[in-house]
Amino acid sequence: MNSSGLSLLSAHLPVAAAADGLLERLPLTLRDTFVQWFPAPTQWLLHHLISIVGILAIFGLFFAFTTVAERKLLGRLQNRLGPNRAGVPKFSFLPFHLKHKLFGLTQPFADAVKALTKEDIVPAAADKLLHFLAPVLVVAFSLLTFAVLPFGRNLIPVELDAALLYFFAAGSATELTIFMAGWASRNKYSLLSAMRALAQVISYELPLLLSVIPVVLVAGTLSTQEIVVAQGFWTFGLLPHWFIFTPWGAAGFLLFLVAALAESNRSPFDLPEAESELIAGHLTEYSGFKYALFFMAEYFGLTALSGLGVTLFLGGWQAPCAFLQFIPSYLWFMGKLVGMIVFFIWVRGTLLRLRIDQLTRLSWQFLVPLALINLGNAAFWALTGAWSGPLQIVRWAVSAALIVVPFVLMGRSLTRGQAPRTYRYAT
Amino acid sequence: MLGSGIIKGLAVTAKNFVGSYHDPARMVTEQYPEERPKLPEAYRNFPFLVTENATDPMGTLRCVACQICEKECPPQCIYIEKSKDKKPDATGKPQLYPAVFAIDTSVCMSCQICVEVCPFDAIKMDQVFEVAATNRFTGLLLNREQLAKPNSYFHQIHPTDAHEVDTRLAAERKAAEEKAKAAAAAKAAAAAAKPATPAPATATPAAPKPAAQPPTPPTA
């Protein structure tokens, strides 16, 4: 990030003093001190390399602990314990053995070692190059999206004017790798699954984008940092002006959640690699660390989409109350991100997998029309921004009605003849 | 309304999540090596031999090597060799004992028929389930030293059964003692009556010999 952009940005920050706190600036200070040791011509390169290394390290670890958190949480949601065995290995050079199991928190490292030491099988008929490239590219593309997420007040790896556009462009590239994996495996089941996965991901790209456009419409910018700044106000210093606390924002957030779940192949939309029904979908011919890379990319994609949801609807790095601004902004972002991930895990532990026809029906007959209506709703909201006094109540009521009425009516038409379900054999 | 089912479902799993931390009825997982499973009393797997005295297991085996269990065992996993001599059992009565008593637990099918046919309550079902061995021939073939376990252990694993067996055995022993006492008393009485009875019964003049012998007091 260049300093002129930063100063411009902080000019219209609500509380400029918070931006200069010691903790708030700590990551930047650390980076700048480190960069200063090196000759001036290489500094810009190091500057960006540190951002890259930081993202890789933080979100690599975040991925590792998300997997263990997911397994432990799913366990608790189903009245099980989850993994709690993996502790510290016995190091022979140490005179003692730390026997504490550490609540199973070292499980991801054991999993990583397992994945690395597994045999990597490439089918004889496979396209060797594409088969190798698919897992590499899927991780690369899913990591690219992190570049435009504002992790903190001053923490954004690349500040683009069209950050949202870039985010979706980079995110959509992972769809290519799905088909690459299916095609390169030279396995008809892999290919069919890849096409199914592609159909799903493309179907849900539309509601995902349509749920994001209202934010762009109201905030009037594609820059993620400016969208966050647009949400940085409080009524009485207590009620944050996050977009989720507006009728169109709440609807947009819910639509975004559903579309993000489908986009990142999470339950209940995990048809592409439905573990209990298919072998592994387009990943059938992948084993060992290549499989782990796909797994990793899936979590990176989920994290990036959650981060985008936080940025667009949950106020990004903004504190929920004005007096809580002493806590560094990046901690707020990470807290909200963890909240989103936990919610996704909760949904995974609760809902059943959809059928492919239900999946596409939900997208085209429900989410897309609703997202279009919500776009109109946001336009109404943007046009009535000048209304005040009792007209504010009218504005809120109209906006809420504009989303609730279509939701109820379309929900009825969607579920007509479907519910309540009668069971012939079960009681 | 659409979505109400999803909210209900989320509430159910949220209840599970919270309940799993404080409600033991929800969390049924036993963390096995640390937490020992609580086996039901009727649980059984392989037979063991009951001994009366834990300090001298081989001397106080209830088994008298009658070989009924060996003959009844459907998969024929029991092998018994009778002793040549006799040892006194718990009641002091001289009995045969098994010189060799082996059960192949790899063959045993835990049917409990040996237990049901044993007239001496000498073989009972055990509850040890950690029977893994590194050698399937010697590791799973248990000899009588490995099979012998004291009666107190039987009480521990099958309290109801053991109590019933003990009261029955005690009653039997008491009955046997009383019978022996009665028999001894009858014998004594017979011995006491002997000098008197033969005289009128025989009533022969040529019988001075038994009468001349003095009546001996019963020694038992």
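The values are calculated or read from the model by the stated rules, or taken from the named source; none is laboratory data. Only a predicted model underlies this, so the values are computations on that prediction, with no experimental measurement involved. Every residue, glycine among them, receives a Cβ derived from its backbone with ideal geometry; neighbour counts consider all protein chains shown. Protein only, heavy atoms only, side chains kept; ligands, DNA and RNA dropped before computing areas. Shrake-Rupley method; radii C 1.70, N 1.55, O 1.52, S 1.80 Å.
Observations on the structure shown:
- Of the residues A:91, A:190, B:28, the one whose Cα sits farthest toward the positive end of the charge dipole of the protein assembly as shown, with +1 on the Cβ of Lys and Arg and -1 on the Cβ of Asp and Glu, is B:28.
- Per residue of peptide A:348-356, the mean number of Cβ atoms on other chains within 10 Å of the residue Cβ is 3.
- Shielding value for A:73-80 is 6, the average number of Cβ atoms from other chains within 10 Å of each residue's Cβ.
- Summed over both chains, the area buried between A and B is near 1600 Å², taken from the accessible surface of protein heavy atoms with a 1.4 Å probe.
- For chain B, with all protein chains in place and a probe radius of 1.4 Å, 61% of the accessible heavy-atom surface sits on carbon or sulfur.
- The amide H of residue B:95, built 1.01 Å from its N in the peptide plane, has B:87, B:89 as neighbours under 5 Å, considering only residues 5 or more places off or on other chains.
- Relative to the 2.2 N^0.38 Å rule of thumb, segment B:1-115 has a C-alpha radius of gyration ratio of 1.94.
- Farthest positive-ward along the protein assembly as shown dipole, Cα basis, beta-carbon charges - from A:125, B:42, A:21: B:42
- Computed magnitude of the charge dipole of the protein assembly as shown (debye, nearest 20; Cβ of K, R +1, Cβ of D, E -1): 1580
- Mean-square fluctuations from a GNM of chain A, with a 10 angstrom spring cutoff on Cα atoms, peak among A:124, A:260, A:319 at A:124.
- Trypsin sites (Lys or Arg not before Pro) within segment B:1-101: DSSP coil, no more than 14 neighbouring Cβ in 10 Å: B:38, B:84, B:86
- Computed lengthening from residue A:161 to residue A:78, 0.36 nm per intervening residue step minus Cα-Cα distance: 25.4 nm
- nm² value of the averaged projected area, convex hull over the Cα atoms of segment B:122-169: 3.8
- Over the protein assembly as shown, the hull volume per residue, using the convex hull of the C-alpha atoms, is 302 Å³.
- Cross-link partners for residue B:93 among the aspartates and glutamates, with Cα-Cα distance under 12 Å and sequence neighbours closer than 8 places in the same chain left out: B:177.
- Sorting the segments A:376-386, A:210-220 by their mean number of nearby beta carbons within 10 angstrom, highest to lowest, gives A:210-220, A:376-386.
- Two-site FRET efficiency, residue B:111 against residue A:274, from Cβ-Cβ distance with R₀ of 45 Å, rounded to 0.05: 0.55
- Whole-number accessible area per residue in Å² for chain B, which is evaluated in the context of all protein chains at 1.4 Å: 65
- Inter-chain shielding of B:140-148 (mean C-beta neighbours from other protein chains, 10 Å cut-off): 0
- Segments A:270-277, B:146-153, A:29-36 sorted - mean Cβ within 10 Å per residue, highest first: B:146-153, A:270-277, A:29-36
- 3J(HN,Hα) couplings calculated from phi for segment A:255-271 with the Karplus curve 6.51 cos²θ - 1.76 cosθ + 1.60 (θ = phi - 60°) are, in sequence order, 4, 4, 4, 4, 5, 5, 4, 5, 5, 9, 6, 9, 4, x, 10, 8, 5 Hz; Gly and Pro show x.
- Cα-based reach from residue B:86 at 24 Å (exclusive), listing lysines while leaving out same-chain residues under 8 positions away: B:71, B:124, B:149, B:174, B:179, B:181
- Panel note: the C-alpha atoms of segment A:340-427, placed on their principal axes, show extents of 58, 33, 25 Å (largest first).
- Order by protection proxy (mean Cβ within 10 Å, highest first), peptides A:87-93, A:306-312: A:306-312, A:87-93
- For segment B:25-46, heavy-atom accessible area (probe 1.4 Å) falls by no less than 50 Å² from the chain alone to the full protein assembly at B:27, B:31.
- Accessible area per residue for segment A:105-232, computed on protein heavy atoms with a 1.4 Å probe, is 42 Å².
- Taking chymotrypsin sites (Phe, Trp or Tyr not before Pro) across segment B:24-91, the ones in a DSSP loop with at most 15 further Cβ atoms lying within 10 angstrom of their Cβ are B:43.
- Placed amide H near residue B:43: partners under 5 Å, 5+ positions off or other chain: none
- Dipole of chain A, positive direction: furthest Cα of A:279, A:409, A:362, with charges on the beta-carbon: A:279
- Remark: segment A:228-244, residue by residue, has Karplus-estimated 3J(HN,Hα) of 5, 4, 5, 9, x, 10, 10, 8, 6, x, 10, 8, x, 8, 6, 5, 5 Hz, where x stands for each Gly or Pro and the curve is 6.51 cos²θ - 1.76 cosθ + 1.60 at θ = phi - 60°.
- Filtered trypsin sites (Lys or Arg not before Pro), segment A:328-427: DSSP coil and at most 14 other beta carbons within 10 Å: A:355, A:416, A:421, A:424
- Cut-off of 10 Å, at most 13 other beta carbons, DSSP loop: longest stretch of chain B lacking such GluC sites (Glu not before Pro): B:131-220
- Kirkwood Rh in Å, taken over segment A:173-271 so that all alpha-carbon pairs contribute: 15.5
- Residue of B:91, B:134, B:160 that the Gaussian network model of chain B assigns the largest fluctuation, springs spanning Cα pairs under 10 Å: B:134
- Proximal aspartates and glutamates to residue B:82, defined as alpha-carbon separation beneath 14 angstrom and excluding residues fewer than eight positions away on the same chain: B:70
- Residues whose placed amide H lies under 5 Å from that of residue B:148, excluding near-sequence neighbours: B:49
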